[in-house]
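These notes are about the structure you will find just below.
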Amino acid sequence: SSSKMKVDLDTSTGIAVVKFQNPPVNSMSLDFLTEFSISLEKLELDKSCRGVILTSAQPKIFSAGLDILEMYGKNPEHYAEFWKSVQDVWLKLYSYSKILIAGINGSSPAGGCLMSMTCDYRIMADNPRYGIGLNETQLGIVAPFWFKDTMVNTVGHRTTEISLQFGLMYSPSDALKIGLVDQVVPEEKVLSTATETMTKFLAIPDHAREISKSMMRKPTVDRLLACRDADIKSFVSFISKDSIQKSLGLYLAMLKQRKV
Ligand code: CO8
């Protein structure tokens, strides 16, 4: 299968840019997640890399989140394998020792929002047509506790509570207001702003920054590590339910119909 992301490491600055290119919407399929996990690991081990910018090569979309087709009409073994790889990528991102910056140059629902929230800093393009948020309830599914934890750690308890129940998607300016993103800039400035921000992070001694980051995040990471298998079991039993499959089927049909 062809490559689902482009990785560019500038060894003179230590900055790597990972550009997602899984058309049409950068959905996170099993193949995408597997390649992403390998890329993250390679960069983590590469001493010439100190920070990674995540962005999209697709116009208008950062990532449509998890590939719904991986959660629809498949067997329990498939759901388990898929969920394990979702966990794997989140664990890698949330405990990443290097600097992670999201250059959100398009819509970023559900898994796309989760991935953004694992970064140390988020810069979003100012296009009001782009949305970001954990919209799971809109699909009739429930964001797992570690999605919730990630959001609580980013925007606080009350905002997460209202956001998760309604499955809210925020415009860039609203996302900035609640602190879901750190900066909103014109679309053509997303990458340059991400690079400038990275330079500020790079001025901090790595060891001190890494320990501070880990201090903030380790309890959240440990909570999933303590129950990975149970979390997989609970995902598989939830997603296999007829009622949940029916909701996902309706949502997929709605996505297709929306096109005029
Ligand atoms: N998975 C699979 N296919 C998708 C997805 C997706 N997440 N998103 C879009 N597609 C498909 C569309 O169905 C469409 O397919 P086709 O061409 O065959 O009709 C194609 O991609 C293009 O989509 P659009 O025409 O809608 O493209 P637009 O540019 O108009 O819009 C958007 C792009 C904004 C990304 C829009 O497609 C959208 O809103 N997509 C839905 C995103 C979404 O709701 N994602 C949620 C995924 S669930 C998740 O990430 C976390 C799950 C946690 C599970 C917990 C369970 C316990």
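For region 1-12, taking the residues that are more than 10 Å from E35 (Cβ to Cβ) and touching a residue at least 24 places away in the same chain (Cβ under 8 Å), the one that is surrounded by the most Cβ atoms within 10 Å (Cβ to Cβ) is identified as L9.
Screening G156 on (1) surrounded by fewer than 20 Cβ atoms within 10 Å (Cβ to Cβ); (2) within 15 Å of the ligand (Cβ to nearest atom); (3) at positive phi shows it passes everything except condition (2).
Residues in region 110-125 include none that are of a type in the set (D, E, K, R), out of contact with any His (no Cβ under 6 Å at 6 or more places or on another chain) and under 23 Å from S247 (Cα atoms). Just one residue in the set F201, F145, F166 is touching a residue at least 24 places away in the same chain (Cβ under 8 Å), closer than 26 Å to E44 by Cβ and within 16 Å of the ligand (Cβ to nearest atom); that residue is F145. Count of region 215-244 residues, restricted to those that are polar (S, T, N, Q) and surrounded by fewer than 14 Cβ atoms within 10 Å (Cβ to Cβ), is 2.
Number of residues in region 69-119 that are of a type in the set (D, E, K, R), away from the ligand (no atom under 11 Å from the Cβ) and assigned to a helix (DSSP H, G or I) equals 5.
Taking (1) free of Cβ contacts under 8 Å to residues at least 12 places away in the same chain; (2) more than 26 Å from V236 (Cβ to Cβ) in turn, G106 satisfies each apart from (1). Of S27, S39, S48, all but one fail to be polar (S, T, N, Q), within 12 Å of the ligand (Cβ to nearest atom) and touching a strand residue (DSSP E or B) at 6+ places or on another chain (Cβ under 8 Å); the exception is S27.
The set of residues in region 148-181 being part of a helix (DSSP H, G or I) and of a type in the set (V, I, T) consists of T150, V152, T154, V155, T159, T160, I162, I178.
Of the residues making up region 126-133, none is more than 10 Å from the ligand (Cβ to nearest atom) and hydroxyl-bearing (S, T, Y). Would you check if L66 is within 18 Å of S116 (Cβ to Cβ), crowded, with 23+ Cβ neighbours inside 10 Å and either without any contact (Cβ under 8 Å) to a residue 12 or more places away in the chain or more than 9 Å from the ligand (Cβ to nearest atom) (or both)? Answer is no for this residue. Is one or more of the residues making up region 132-142 of a type in the set (V, I, T), under 16 Å from the mean Cα position of the chain (by Cα), surrounded by 15 or more Cβ atoms within 10 Å (Cβ to Cβ) and part of a helix (DSSP H, G or I)? There is no residue in region 132-142 that is of a type in the set (V, I, T), under 16 Å from the mean Cα position of the chain (by Cα), surrounded by 15 or more Cβ atoms within 10 Å (Cβ to Cβ) and part of a helix (DSSP H, G or I).
Within region 51-63, the residues that satisfy the criterion of being within 14 Å of the ligand (Cβ to nearest atom) and polar (S, T, N, Q) are S56, Q58, S63.
Tallying residues that are touching a residue at least 60 places away in the same chain (Cβ under 8 Å), touching a helix residue (DSSP H, G or I) at 6+ places or on another chain (Cβ under 8 Å) and in a loop (DSSP other than H, G, I, E, B) within region 38-61 yields 1.
Bear in mind that the values in this text are calculations on the coordinates, not laboratory data. Note that the coordinates shown come from a computational prediction; the quantities given were computed from them, not determined experimentally. Virtual Cβ from ideal backbone geometry, glycine too; neighbours counted across all protein chains shown.
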